Amino acid sequence: MNQIAWVCLLIAGLFEIVWVIAMKYSDGFSKLGPSVATFVAMWLSFSFLSYALKTLPLGMSYAIWVGVGAVGVAIVSFTWFKEAMTLGQVICIALIVIGIAGLKLMSKS
């Protein structure tokens, strides 16, 4: 059961990345397709997070969900949108990844 919860938490984080990217393309919710995609991905992200929270601790789950989303969006911003990223920012993102891994490794769930 806990493995399913962890997978759901990861999927929730991936859908968080999707909805943030879709929101960027929605142009302030003025474009229908990306706006709908934003809300569908939000709903899926929250649904998978909600399922994971049935068995995983709230604080750890939320930190991992936000971390996966933040790291994913930063990577997409750098690669897809060609946004600049400094060495300091890369180091800080790496620290988030280390924190996510640490939370998982130290989890009793």
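Laboratory data are not the source of any read-out in this text; all were calculated from the coordinates shown. Just so it is clear, the model here is predicted, and its values are computed rather than measured. Because the Cβ atoms are built from the backbone with ideal geometry, glycine has one as well, and the counts that use them run over all protein chains shown.
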So what is the calculated 222 nm ellipticity per residue for the chain, using -39500 (n - 2.57) for each DSSP H run with n of 4 or more, over all residues, to the nearest 500 deg cm²/dmol?
-27500 deg cm²/dmol
Debye intensity ratio I(q)/I(0), log10, the chain, q values 0.10, 0.13, 0.21 Å⁻¹ (C-alpha model):
-0.32, -0.52, -1.08
Where does each of 10-19, 34-43 land if you order them by average Cβ count within 10 Å, highest first?
10-19, 34-43
What are the lysines whose alpha-carbon lies under 20 Å from the alpha-carbon of LYS54, with same-chain residues fewer than 8 places away excluded?
LYS104, LYS108
Magnitude of the Cβ-charge dipole of the chain, K/R +1 and D/E -1, about the Cα centre, nearest 20 debye?
180 debye
Dividing the mean separation of Cα pairs under 8 Å (6+ apart) by the residue count of the chain yields a relative contact order in percent of 31 percent
